[in-house]
Amino acid sequence: MDLLLQVLVNGILQGGLYAIMALGLALVWGVLNIVNLAHGAFIMLGAYISWYSFTWLGLDPFLGLPLTAVLMFFVGYAIQRGILNLVARAPMFNTLLITFGLEVVLTYLAQLVFSADFRTINPSYSGRNITVMGLTIPTVRLAASGVAILLTLIMWRFLLHTRLGRAIRATAQNLSAARLYGVEPRHLYAVTFGLGLALAGAAGGLYGTVSQINPYIGATLTAKCFAIAIIGGLDTPLGVIAGGVVLGLIESLATLYIGPTFADVASFGVLVAVLIVRPSGLLGRTA
Amino acid sequence: MKALRIPLLLLVLVALALLPLYGSDTIIQFGISTLLLAVLAQGWNIIGGYAGYSSFGNSTFFGLGAYGVGIAMVQWHLPFAAGLLFGVVLAVVFAICLGIPVLRLKGHYFAIATLALAQVMAAIVSNIELAGQNIGLVLPPLNNDPLFYELSLGLLVLATLTVWWLTRSRFGFGLIAIRENEEGAVVMGVDTTRYKVMAFTLAGLFSALAGGIQAYWITFLDPASAFDITLNVKMIIMAVFGGPGTILGPIIGSFILSAISEFLSSEVTSIAGLFFGVVIVIAVVLTPRGLADVARRFRRSGWRYFIENIRMHRL
Amino acid sequence: MHTLFRHGLPSAALALAMSLGCTASQAADNEIVLGASVQLTGPVANTGRYYKDAYQLAVDQINRKGGIEVGGKKYTLALKIYDNQSDVNLSVRQYTQLVSKDKVNFLLGPFASNFALADSAVSEKYQVPMVQGGGASDQIFSRGFKYVFGTLAPASNYFGSTISMLKQLNPAPSQIALLYADDAFDVSVAEGTRPLLEKAGLKTVIDERYSSNASDFNTLLSQIKSKQADAVLVAGHETEILNFIRQAKSLDVSPKIYSFTVGVPSEDFRKALGADAEYAFGMTAWLPSDTLKDDWFGDAAQFAKAWGAQYRYEPDYHAASGVADVEAIVKAIEKAGSLDPKAVRDALAASDFQSLYGHIAFADNGQINLDQVVIQVQNGKPAAVFDGSKFMRDAKYPMPDWAKR
């Protein structure tokens, strides 16, 4: 029983990290209808920025999140304005292809610049844990989950209750009407994508504290984020929390009861099942 | 001009078929790779180019074909042809069983579902003992590249003839109708589900045969290489670059992109991958409808063609 | 006009492609070319580069010391190395190119068993000897191939010395957890380890295969803690083991002893973990000791110094193994007195010489047999602890709880 509880806790904590990883993807997809196949590569980029800040500037990874987020925001703004805006009104398929191309380019550039060596962000408190009712809870994972939930809630509030948030949603829903209201869509799209990448960057910073980074983690992370976003549902930013926790639990339980090599079968199997049965996800509005 | 087309094609075909006689070993190997990629692109063309359902998971069929040959030859000691047949059966069963639910999805959901299927398949196969789990299988070596070359060429011809037949058949018109306006097609009485599944199965069939040939040629397969995700993007970009929804477009796209990639691979090794990424980005922005379209419109609009494309699609 | 464009294009592509075949590289008349496809980029490049560096250093040193003499004629060694980007398929094609287009004389191997497994099919197909020092899986050598030789000791025996040591520890561990990745090498290790554990009378409470490149060991670690395994054996890759140890710390899992098939001997690994690397056990078939004499480098200690001076990082057994591969080919050429692939292959099979890597001799199946020395990270450095039958120094055992370190 203890083992099961510990495994459940592990899964939920992993879920928190998963949520922040997928948040940027879900935001850009749900709001702008841009499916970003390079999302994982941007998480990787954020992780490297965090690593360099930690190693060169001694900046704590948690405290340095804003810096990483701001830098990634500008990267995102530039990419959307310069490249993705060019295909925004083309069939969705073009965006899929172009973002895939970006993923390939980013991975190779990362490998050229950062080398293939793996790196870790290891602040002095990295291995600490607290014991609650006989369960061991790693503090870094707990903090990462906390940050993730916080950012998700902030994003939710932002989209629903602030002027900029509403402007973004309006533009996505009706481009011409938004233009009539004086919204500059190119700028707004770029801002939104920038936000998405800022979140990806923050996720990368957190990811670097619990796992090692190398230029090739992008593809697997993208796949996971897709699973999380779809399982949770794209209609609300809160979906990624549901999706993240569910995925974390599925992987942990599959590992415990079937075997570690079945974790991927379980998670992608659930993704396929959700797509077939309920594509709008757990928290999706339409049945 | 049109009258010249068929003899010209036949000439190219004969030149290609006779390549093993005058080409070096490296050229033959390059030829096999390129021909197999062209088959994949042509297969994708059926479901993605004509039916408009962009599958990002045809690598699943490729892998099934590869494992069909692998398991049949290594575990059951059957001949190559039996292996190919087994692979095709696996692919067809998969296409029908999973095609029906997945083809109900629209747009990018379909694309992602097929991508997810590819991942699931790779994960499942890496747990199957018969398939050698994650270690894979080593097939009996056969040192006969010209044979593989001719097989691949034959397969490409078969795939292209199928696409050509498609353009003249009711099935093909049905697919195009589905692509242009699916609801309208349903109203007009087209059995969209059956047509979509048939298109998916055809694409799967060719991909599986290509996978089987590749497996025997390389003499080695494991889940990562058999269900290689990058294959999907390669086949799509080749079809799209050449011209989706045309008969020769995917072939032209594959030949050109493969040639450039091979050249880069041997001269400047790590840049080859980067090159593909850059090509994709540029091609999608400047030539989203492929070279075939460029060829058609360039005469009229000249360089403005590219700018028009951008203007049409940008925000 | 436009049909010309449409049909001209494939023909043009063909012509371009055909021109690729016409540039055949001509080796200089007095050069012996060794070819290899190594992982210089891609996920395993951080170990792959050891091999390129090793081959280069060996070739340079041998040339500096006068090259090789065959049939009264002097030859220098040259290398032709391709980057396979950690892609097995690409490496197979590159080896094929090395043999059929570049016409190299002999082949050196890639890193990793799954690569060696696939690439040796090429050397066998074209009957060109390949000496590889990167693949230890028994599968490579169980196919009856005659043209592949390996300088890494068999995977199945990697934990052999460790298990002998377990029985001599006090208090002896009794419950073993065996974790292994699902690639060729690690599966081989596990298959060999199981009978060794049984023979030693040790009980295995956890025996789990995990996916290569897994990053989340939390569930497995929780199981280890819950089943109270006191010795944990992990056969995996550096990045996985790195994650394992860090997650063990954060989940407060500290068995009495844990031992890993890779990582401990390499500098990057210990640096990445910092103080957390302490107490970890591993094994190596090679240590840079001055008792290992070598015809070109003097001895292993001098080799290690030369390597450090040239490349600015410490060599480990991968590096030594790579150098041994080059030396084995050179010795075989000299012994055969010719460059004929078959003659050299036969000479390789009969290899018997001392090198900085140890005694080079291949069993009938083509694989070397060396004992693994058990090493442990003590005060940040790898220390040789157990040589297969007796202790060379005290082991820091049992491992204290994380909180008490």
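The values are calculated or read from the model by the stated rules, or taken from the named source; none is laboratory data. Computed from a predicted structure; not experimentally measured. Positions of Cβ are generated from backbone atoms using ideal geometry, with glycine treated the same way; all protein chains shown enter the neighbour counts. Note: areas computed on protein heavy atoms with side chains; ligands, DNA, RNA excluded. Shrake-Rupley method; radii C 1.70, N 1.55, O 1.52, S 1.80 Å.
Run the quick spin-label model on C:ALA172 and B:LEU78: label points 7 Å from Cα toward the beta carbon, then report their separation in nm to one decimal.
Placing both labels 7 Å along Cα→Cβ, they lie 5.1 nm apart.
Heavy atoms only, 1.4 Å probe, whole protein assembly: order B:VAL14, B:VAL39 by accessible area, highest first.
B:VAL14, B:VAL39
If I compute solvent accessible area with a 1.4 Å probe over the protein chains, what percent of it on chain C is carbon and sulfur?
Whole-percent figure for carbon plus sulfur exposure: 50.
To the nearest whole number, what is the average tally of beta carbon atoms from other chains within 10 Å of the beta carbons of peptide C:82-93?
Details: counts 3, 4, 1, 8, 2, 5, 7, 10, 4, 0, 5, 8.
Across the residues of C:82-93, the mean count of other-chain Cβ atoms within 10 Å is 5.
Please name the residues of segment B:236-263 whose accessible area, counted over protein heavy atoms with a 1.4 angstrom probe, falls by no less than 40 Å² between the chain alone and the full protein assembly.
Those are B:ILE252, B:PHE255, B:ALA259, B:GLU262, which lose 40 Å² or more relative to the chain on its own.
Rounded to the nearest 100 Å², what's the accessible area chains A and B bury against each other, both chains counted, probe 1.4 Å?
3700
Evaluate the relative contact order of segment B:25-228 (contact order divided by residue number), counting alpha-carbon pairs under 8 angstrom at least 6 apart; express in whole percent.
RCO, segment B:25-228: 43 percent.
Based on the Cβ-Cβ distance from A:LEU8 to A:ASP235, what FRET efficiency comes out when R0 is 30 Å, to the nearest 0.05? Before the final figure, lay out the partial values.
Working: r = 27 Å, r/R0 = 0.90.
Efficiency at R0 = 30 Å is approximately 0.65.
How many Å² of accessible surface get buried when A and C come together, counting both sides, probe radius 1.4 Å, rounded to the nearest 100?
For A against C, buried area totals roughly 2700 Å².
Rounded to the nearest 20 debye, what is the charge dipole size of the protein assembly as shown about its Cα centre when +1 sits on each Lys and Arg Cβ and -1 on each Asp and Glu Cβ?
3440
Could you tell me the total accessible area buried at the C-B interface, probe 1.4 Å, in square angstrom to the nearest hundred?
Numbers: alone 17490 and 15880 Å², together 29320 Å².
Separately minus together, C and B give about 4100 Å² buried.
Hey, any idea what % of segment B:25-228's accessible area is carbon plus sulfur with a 1.4 Å probe?
Taking all protein chains in place, segment B:25-228 shows 67 percent carbon and sulfur surface.
List the lysines whose Cα lies under 19 Å from the Cα of C:LYS65, skipping any in the same chain that are fewer than 8 positions away.
Within the straight-line limit of under 19 Å, C:LYS65 reaches these lysines: C:LYS73, C:LYS74, C:LYS293, C:LYS305, C:LYS331, C:LYS335.
Evaluate the charge dipole of segment A:23-218 about its Cα centre and quote only its size in Debye, nearest 20, assuming +1 on the Cβ of each Lys and Arg and -1 on the Cβ of each Asp and Glu.
Dipole magnitude for segment A:23-218 comes out near 560 debye.
Would you calculate a helix-derived [θ] at 222 nm for chain C, using -39,500 (n - 2.57) for each DSSP H run of n ≥ 4 and dividing by the full residue count, to the nearest 500?
Numbers: 12 runs with 164 residues, N = 405.
Calculated mean residue ellipticity at 222 nm is -13000 deg cm²/dmol.
According to a simple spin-label model (label point 7 Å from Cα along Cα-to-Cβ), what is the distance in nm between A:THR131 and B:LEU18?
Distance between label points: 8.3 nm.
Can you sort B:ARG299, A:ARG128 by solvent-accessible area, 1.4 Å probe, largest first?
From most exposed to least exposed: B:ARG299, A:ARG128.
How many percent of the accessible area of segment A:23-218 is carbon or sulfur, using a 1.4 Å probe? Could the numbers behind the result be given before it?
Working: 5000 of 7510 Å².
Accessible surface attributable to carbon and sulfur in segment A:23-218 totals 67 percent.
Can you tell me the Rg and Dmax of segment A:23-218, counting just the alpha carbons, in angstroms?
17.9, 60
Quick one: Debye curve from the alpha-carbon atoms of chain B only, equal weights, vacuum; give me log10 I(q)/I(0) at q = 0.09, 0.10, 0.12, 0.13 Å⁻¹ to two decimals.
Those come out to -0.46, -0.57, -0.83, -0.97, one per q.
Using a 7 Å offset from the Cα along the Cα-to-Cβ direction at both C:LYS199 and C:ASP371, what is the distance between the two label points in nm, to one decimal?
1.4
Provide the per-residue ³J(HN,Hα) series for segment C:58-71, in order, calculated from phi with Karplus coefficients 6.51, -1.76, 1.60 and θ = phi - 60°, each as a whole number of Hz, with x at glycine and proline positions.
Running phi through 6.51 cos²θ - 1.76 cosθ + 1.60 with θ = phi - 60° gives 5, 4, 4, 5, 5, 5, 4, 8, x, x, 10, 10, 10, x Hz.
Subtracting the Cα-Cα distance from 0.36 nm times the residue separation, let me have the gained length for B:ILE100 to B:TRP303 in nm, one decimal.
68.7 nm
Would you please give the FRET efficiency between B:ILE271 and A:ARG163, computed as 1/(1 + (r/R0)^6) with r the Cβ-Cβ distance and R0 = 41 Å, to the nearest 0.05? Mind showing how you got there, number by number?
Values: r = 46 Å, r/R0 = 1.12.
For R0 = 41 Å, the calculated efficiency reads 0.35.
Stokes-Einstein D for segment B:60-164 at 20 °C, 1.002 mPa s, Kirkwood Rh over Cα pairs, in µm²/s? Mind showing how you got there, number by number?
Numbers: Rh = 15.4 Å.
So the translational diffusion coefficient is about 139 µm²/s.
Nearest 10 degrees is fine. How inclined is helix C:218-227 to the longest principal axis of chain C, computing both from alpha carbons?
Its long axis makes an angle of about 40 degrees.
Can you list the residues in segment A:119-152 whose accessible area drops by at least 10 Å² when all protein chains are present, compared with the chain alone? Use a 1.4 Å probe, heavy atoms only.
Residues losing area: A:THR120, A:ASN122, A:SER126, A:GLY127, A:ASN129, A:THR136, A:PRO138, A:ARG141.
Within chain B, which complete DSSP H helices have Cα atoms spanning at least 30 Å along the helix axis and a mean Kyte-Doolittle hydropathy of -0.5 or higher?
Qualifying helices: B:80-102, B:145-167, B:192-218.
Looking at segment A:249-273, which residues lose a minimum of 50 Å² of accessible area between their chain alone and all protein chains in place, measuring with a 1.4 Å probe and not counting ligands or nucleic acids?
By number: A:PRO260, A:THR261, A:VAL265, A:PHE268, A:VAL272.
Quick check on chain A: helices-only [θ] at 222 nm, where DSSP H runs of length 4 and up contribute -39,500 (n - 2.57) each and the sum goes over total residues. Nearest 500, please.
Helix contribution divided over all residues of chain A: -24500 deg cm²/dmol.
Over the protein assembly as shown, with the other protein chains present, what is the accessible area per residue in square angstrom, probe 1.4 angstrom?
36
Using 20 Å as the cut-off for backbone N distance, which residues of segment C:151-192 belong to the label zone defined by a point 7 Å from the Cα of C:ARG405 along Cα→Cβ?
Residues C:177, C:179 qualify, since their backbone N sits under 20 Å from the label point.
Starting from 0.36 nm per residue, how many nanometres of slack lie between A:LEU175 and A:ILE154 once their C-alpha separation is accounted for?
Difference between extended and current length: 5.0 nm.
Per 20 Å bin from zero, what fraction in whole % of the C-alpha pairs of the protein assembly as shown is there, up to the bin with the longest pair?
For the protein assembly as shown, the pair-distance distribution reads 13, 44, 35, 8, 0.
What FRET efficiency comes out for C:ASN63 versus C:ASN379 if R0 is 56 angstrom and r is the Cβ-Cβ distance? Round to the nearest 0.05.
About 0.90, to the nearest 0.05.
Quick test of the membrane-span-like rule: which DSSP H helices of chain A reach at least 20 Å along their long axis (C-alpha atoms) with mean Kyte hydropathy at least -0.5? Let's see the in-between values first.
Details: long enough: A:2-32 (44 Å, 1.71); A:39-57 (26 Å, 0.89); A:65-82 (25 Å, 1.28); A:92-114 (32 Å, 1.64); A:139-161 (32 Å, 1.50); A:185-210 (38 Å, 0.90); A:218-232 (21 Å, 1.58); A:239-257 (27 Å, 1.71); A:263-277 (21 Å, 2.44).
For chain A, where a helix must reach 20 Å along its axis and average at least -0.5, the hits are A:2-32, A:39-57, A:65-82, A:92-114, A:139-161, A:185-210, A:218-232, A:239-257, A:263-277.
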